Amino acid sequence: MLTVIGEGLVDVVQRASGIEAHVGGSPLNVAVGLARLDHPVQFIGRYGRDAYGDSVAAHLRASSVMVPMGPDDLPTSVATALIDDDGAATYTFDLTWELPGIADRLAFMLQGTTLLHTGSIATMLAPGATDVLAAVEYAHPHATISFDPNCRPSIITDVDYARRHTEKFVTLADVVKASDEDLAWLYPDMDVLDAARRWLSLGGSEGPAVVVVTRGAEGPWGVCHAGEAKVPAPRVEVADTVGAGDSFMAALLSGLVDRGLDGAQNRKDLRELPAEGLGELLAHAARAAAVTVSRPGANPPTRAELDAVQ
């Protein structure tokens with residue numbers, strides 16, 4: 001069982017041609033991406049008893065994502081995305097992030113979890129961020145941990161606060177993915193690849209095995225303890241970039257699971273991943289992101305769709 005914990009929301013996408021609403025949220029997108037790649041996955045997050053919440057629940061069900069927490073009485077979170085002429089998205093948010101009562105249910109909900117993924121707003125925004133960190137700490141002894149900071153400076157404006165919280169999760173994670181924009185904001189005086197190399201050293205022998213940087217059209221780059229790898233970004237006609245990083249993350253994790261590298265018992269093998277293997281994983285994940293940017297909204301590929309673009 002794979003578990004994703006974090007925010008789910010509705011993206012209200014504004015473009016020159018009109019306004020559309022799509023279910024989103026970085027962790028939710030990763031959960032859907034993993035399910036579409038044929039992995040059993042549950043999503044631990046919140047949504048309200050309203051029309052937007054109904055669409056969140058329907059979207060998760062449609063992709064066979066299990067949802068152990070039902071709706072609550074707070075409004076469903078909304079992100080408004082303004083799409084420019086190049087397809088790039090700029091976001092504003094109306095958010096509620098809390099997970100009441102989750103501490104007493106962690107043992108039950110995380111039973112059998114071999115990989116736990118989190119990131120984005122869920123790891124930064126109080127009060128829910130404290131519960132997410134507790135879940136990661138609980139899962140770490142038996143599960144692979146993955147993390148994507150997916151920084152949102154319009155929400156968490158204090159970069160020092162964001163850097164401290166990010167490094168807490170990096171230290172606990174086995175697999176970390178960040179965009180070059182994330183790293184440039186968190187470490188403005190450091191080259192983004194040097195910042196990623198520094199993350200690989202956090203936590204010593206219990207720290208990350210793999211750190212990956214997505215760089216848009218330049219293609220992804222990654223570092224593991226055996227070396228570094230980079231691959232070109234596939235050439236596609238871009239509809240928009242909504243959810244591209246999340247599709248990349250889901251496919252990266254899917255590739256690790258397909259290789260039998262999930263679970264704490266496989267942590268040593270993951271840390272010994274060769275650079276060539278990292279390159280193969282990057283290429284696989286880049287193809288998934290390319291499918292997503294070729295169509296509107298956060299719409300990750302199925303396994304059959306991804307296999308078709310090998």
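The values are calculated or read from the model by the stated rules, or taken from the named source; none is laboratory data. Computed from a predicted structure; not experimentally measured. Ideal geometry is used to build each Cβ from the backbone, glycine not excepted, and the neighbour counts take in all protein chains shown. These area figures cover heavy atoms from the full protein model, side chains too; ligands, DNA and RNA do not enter into them. Shrake-Rupley method; radii C 1.70, N 1.55, O 1.52, S 1.80 Å.
Which of the residues spanning the stretch 82-134 are among the hydrophobic types (A, V, I, L, M, F, W, C) and in contact with a Leu (Cβ under 6 Å, 6 or more places away or on another chain)? Can you show your working first?
The first filter runs over the stretch 82-134 and keeps only residues among the hydrophobic types (A, V, I, L, M, F, W, C), leaving 82-83, 88-89, 93, 95, 97, 99, 102-103, 106-110, 115-116, 121-122, 124-126, 129, 132-134.
Within the stretch 82-134, W97, L115 meet the criteria.
Please verify whether S154 is modelled with pLDDT of 95 or more and either open to solvent by 40 Å² or more (accessible area, probe 1.4 Å) or under 14 Å from the mean Cα position of the chain (by Cα) (or both), treating the condition exactly as stated. It would help to see each step written out before you state the result.
Working: modelled with pLDDT of 95 or more: no; either open to solvent by 40 Å² or more (accessible area, probe 1.4 Å) or under 14 Å from the mean Cα position of the chain (by Cα) (or both): yes.
Against the criterion (modelled with pLDDT of 95 or more and either open to solvent by 40 Å² or more (accessible area, probe 1.4 Å) or under 14 Å from the mean Cα position of the chain (by Cα) (or both)), S154 does not qualify.
Being under 20 Å from the mean Cα position of the chain (by Cα), in contact (Cβ under 8 Å) with a residue 12 or more places away in the chain and closer than 21 Å to G24 by Cβ, is that true of even one residue in the stretch 215-224?
The answer is yes; a qualifying residue exists.
Say we look at the stretch 178-211 and pick out the residues that are open to solvent by less than 10 Å² (accessible area, probe 1.4 Å) and in contact with a strand residue (DSSP E or B) (Cβ under 7 Å, 6 or more places away or on another chain); which of these is nearest to G119 (Cα to Cα)?
Taking the candidates together, the pick is A178.
Determine whether I145 is modelled with pLDDT under 95, open to solvent by less than 40 Å² (accessible area, probe 1.4 Å) and not in a helix (DSSP H, G or I).
So I145 does not fit the description; no.
Quick one: L9 ticks every box in (1) free of Cβ contacts under 8 Å to residues at least 60 places away in the same chain; (2) closer than 28 Å to V257 by Cα except a single one, so which number is it?
Exception for L9: condition (1).
Suppose we keep only residues that are over 18 Å from the mean Cα position of the chain (by Cα) and either buried (at least 18 other Cβ atoms within 10 Å of the Cβ) or of a type in the set (V, I, T) (or both) within the stretch 1-46. Which one would you say is farthest from S63 (Cα to Cα)?
Quick first cut of the stretch 1-46, residues over 18 Å from the mean Cα position of the chain (by Cα) only: 12-21.
Next, only the ones that are either buried (at least 18 other Cβ atoms within 10 Å of the Cβ) or of a type in the set (V, I, T) (or both) stay: 12-13, 19.
Details: V12: 20, V13: 21, I19: 24 Å.
If we take residues in the stretch 1-46 being over 18 Å from the mean Cα position of the chain (by Cα) and either buried (at least 18 other Cβ atoms within 10 Å of the Cβ) or of a type in the set (V, I, T) (or both), then I19 is farthest from S63 (Cα to Cα).
Could you check the stretch 47-62 and list, in sequence order, the residues that are of a type in the set (A, V, I, L, M), open to solvent by 30 Å² or more (accessible area, probe 1.4 Å) and over 30 Å from L261 (Cα atoms)?
Of the stretch 47-62, the ones of a type in the set (A, V, I, L, M) are 51, 56-58, 60, 62.
When the remaining residues are screened for being open to solvent by 30 Å² or more (accessible area, probe 1.4 Å), the result is 51, 58, 62.
Selection gives A51, A58.
Quick check on the stretch 225-245: of everything there that is assigned to a loop (DSSP other than H, G, I, E, B) and of a type in the set (G, A, S), which residue is least open to solvent (accessible area, probe 1.4 Å)? Before you say what the answer is, go through the steps one by one.
Here is the first cut: in the stretch 225-245, the residues assigned to a loop (DSSP other than H, G, I, E, B) are 225-226, 231-243.
From what's left, of a type in the set (G, A, S): 226, 233, 239, 243.
Numbers: A226: 66, A233: 31, A239: 34, G243: 11 Å².
In this case the residue turns out to be G243.
Give the stretch 257-285 a look and list any residue that's within 21 Å of A35 (Cα to Cα), aliphatic (A, V, I, L, M) and open to solvent by less than 10 Å² (accessible area, probe 1.4 Å), or say none.
L281, L282, A285
How many residues are open to solvent by less than 40 Å² (accessible area, probe 1.4 Å), part of a helix (DSSP H, G or I) and more than 18 Å from G203 (Cβ to Cβ) when one looks only at the stretch 118-130?
Qualifying residue count, the stretch 118-130: 5.
Please enumerate the residues belonging to the stretch 18-45 that are over 29 Å from D84 (Cβ atoms) and either at pLDDT below 95 or among the acidic types (D, E) (or both). Working first, answer last.
Within the stretch 18-45, the first condition is being over 29 Å from D84 (Cβ atoms), and the residues that meet it are 34-35, 37-44.
Residue satisfying the conditions is D38 alone.
Name the strands (runs of 3 or more DSSP E) wholly inside the stretch 1-117 in which the number of residues that are under 23 Å from E237 (Cα atoms) is 1 or more. Step through it out loud before you land on a result.
Values: elements: 2-5, 9-15, 18-24, 41-44, 78-83, 89-94.
Answer list for the stretch 1-117: 9-15, 18-24, 78-83, 89-94.
What's the total number of residues in the stretch 63-110 that are open to solvent by 50 Å² or more (accessible area, probe 1.4 Å), under 22 Å from A298 (Cβ atoms) and either of a type in the set (S, T, N, Q) or touching a residue at least 40 places away in the same chain (Cβ under 8 Å) (or both)?
Number of matching residues: 7.
Out of all the residues in the stretch 289-308, which are closer than 17 Å to L253 by Cβ and of a type in the set (K, R)?
Residue satisfying the conditions is R303 alone.
Considering only residues that are small (G, A, S) and within 18 Å of G203 (Cβ to Cβ), which ones fall in the stretch 264-288?
Going residue by residue through the stretch 264-288, those that are small (G, A, S) are 264, 275, 277, 279, 283, 285-286, 288.
A264, the sole residue that qualifies.
Quick grid of which residues meet (1) touching an Asp or Glu at 6+ places or on another chain (Cβ under 8 Å); (2) within 30 Å of R215 (Cβ to Cβ):
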{"residue": "D50", "(1), (2)": "no, no"}
{"residue": "D85", "(1), (2)": "no, yes"}
{"residue": "L106", "(1), (2)": "no, no"}
{"residue": "M109", "(1), (2)": "no, no"}
{"residue": "P149", "(1), (2)": "yes, yes"}
